[in-house]
1. Express in % the proportion of alpha carbon pairs of region 20-70 at distances exceeding 13 Å.
2. From the gyration tensor of the Cα coordinates in the chain, what semi-axes in whole Å does the equivalent ellipsoid have, largest first, with each one equal to sqrt(5λ)?
3. If you take the beta carbon distance between R274 and N242 as r and set R0 to 30 Å, what does 1/(1 + (r/R0)^6) give as a FRET efficiency, to the nearest 0.05?
4. Would you please put 370-381, 151-162 in order of how densely packed they are, using the mean number of other Cβ atoms within 10 angstrom per residue and starting with the highest?
5. Residues with amide H under 5 Å of L149's amide H, sequence separation 5 or more or different chain, H placed in the peptide plane at 1.01 Å from N; which?
6. Can you pull a Stokes-Einstein diffusion coefficient for region 82-196 at 10 °C (1.306 mPa s), Rh from Kirkwood over Cα pairs, as a whole number of µm²/s?
7. Taking H placed 1.01 Å from N in the peptide plane, check which residues at least 5 places from A121 or on another chain put their amide H under 5 Å from its amide H.
8. Which order do peptides 51-60, 186-195 fall in by mean Cβ count within 10 Å, highest first?
Amino acid sequence: MNPSEAARQTIRPEILADLSVSQLAARVRDVGAEPYRVTQILDAAWRSTATDWSGVTTLGRALQERLASELRFSAFEAVERQEAEDGATTKLLLTLSDGAKVEAVLMRSPADPRRGSGPRATVCVSSQAGCAVGCPFCATGELGFTRNLSSGEIQDQVRIARQILRSEQRELTNVVYMGMGEPLQNIDAVFASIDGLTDPLRGGIGQRRITVSTSGVVPGIERLARQRPQITLAVSLHAARNPLRDLLVPLNRKWPVEAVIRAAHAHARATGRRTTYEVTMIDGINDRAEDSAALAELLAGSGAHVNLIPMNAVAHTPWHESRPERIEQIANELRSAGLTVTVRRNRGREAGAACGQLAAERAGEPTPVAVARRRELLVAASAAALQGRRTAQPIAPAGPLRGDA
Ligand code: SAH
Ligand code: SF4
């Protein structure tokens with residue numbers, strides 16, 4: 001293979017959703033088609049059930065073929081659906097053009113007349129294949145980092161989710177960036193995807209219906225406040241004190257709790273939007289009396305919303321979810337500190353919190369030796385953290401992609 005062939009192979013084929021409206025207009029002009037074709041293409045992509053160029057029935061066959069020869073209609077080679085037992089959740093395992101796999105999860109909820117809200121349907125999207133942060137309770141963290149997704153690869157997860165909902169006569173109401181990956185470590189593509197999703201000609205989704213979840217990338221939170229102020233911020237906190245947060249969210253060594261909270265408060269002030277804090281509840285690790293007291297103290301008076309999520313079992317950790325009674329106690333403690341709290345039950349297991357698990361399963365199990373070693377390290381590190389000692393090194397994933405077993 002000569003160098004130019006090699007270079008071409010590493011360039012992934014362009015996908016429709018990666019183009020801005022003006023870039024698409026230029027393409028349409030280049031192939032000699034009329035300008036109104038742009039609206040027809042975008043309508044078919046976002047407001048029909050077309051899955052390829054031949055489904056864009058408003059275009060003639062010749063134009064369909066011409067566009068198909070240079071632009072992929074969808075980002076995905078394959079879409080596998082898995083319905084959860086609750087009947088309300090659909091997991092999508094999506095294979096990208098280079099074989100990388102990511103997940104998106106679709107969650108439907110009925111109308112809630114008490115809160116005056118209509119039926120909701122939320123899609124949880126991935127922003128990266130794998131994740132470099134490496135939180136030890138997370139299946140995606142275990143996979144290690146493969147690559148960033150492009151803006152179009154992110155948007156197409158929403159597009160597919162909308163098509164599924166449309167076939168059920170339902171509307172997509174919310175988008176959450178809580179799937180695989182750390183969105184603020186792929187911030188340019190994430191912002192470009194928000195622009196596509198909220199563009200009336202494309203996704204047409206209200207900015208206020210979009211939430212970006214971060215494990216605490218401080219400069220990213222600052223940029224979100226400045227550049228996309230209508231978007232809701234969710235911060236994955238998990239622990240209020242540094243020694244334990246160092247262990248649970250390795251990025252905490254770079255941006256400690258105080259810096260993350262400062263940035264989140266500044267975001268709330270600048271945007272007028274209430275921050276959500278997510279706390280994955282791990283039995284005996286972050287649910288002790290001192291942990292909940294520290295959490296209540298840290299967030300008291302912030303007017304924030306706290307989401308308590310029972311930890312999903314992940315094979316490589318020695319940890320499991322907190323007892324339901326304990327989670328309720330903590331919820332009440334936080335409510336007494338003036339915070340609004342929701343406890344995510346069932347759904348967490350099926351959906352957002354389980355994101356990455358399907359892809360992790362497909363990537364193959366790490367070796368038993370690697371898992372055993374990792375469990376040992378986690379037990380030692382959590383014992384140290386519980387005594388308030390900060391450890392020097394994050395614990396490397398045991399996953400097959402890191403290949404250090
Ligand atoms: N990287 C971003 C967004 C993706 S993770 C972030 O960390 O915020 C989305 C949420 O799922 C995070 O709050 C994460 O902590 C949580 N999560 C990950 N693994 C989990 C598990 N095994 N059980 C419960 N929640 C989990
Ligand atoms: Fe990455 Fe979020 Fe998982 Fe941490 S919890 S490893 S930041 S995806």
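1. Values: 680 of 1275 pairs.
When every Cα pair of region 20-70 is considered, 53 percent fall beyond 13 Å.
2. Computed over the chain, the values are 38, 25, 19 Å.
3. 0.75
4. 151-162, 370-381
5. Q128, A129
6. Using the Kirkwood radius from Cα pairs, D works out to 107 µm²/s.
7. Under 5 Å from the amide H of A121 lie the amide H atoms of S109, T173, N174, each far enough along the sequence or on another chain.
8. By packing density, highest mean first, the sequence is 186-195, 51-60.
Here, each number is a calculation from the coordinates, and none is a lab measurement. Values in this document were obtained by computation on a predicted structure and should not be read as measured data. Note that we place each Cβ from the backbone using ideal geometry, even for glycine, and neighbour counts take in every protein chain shown.
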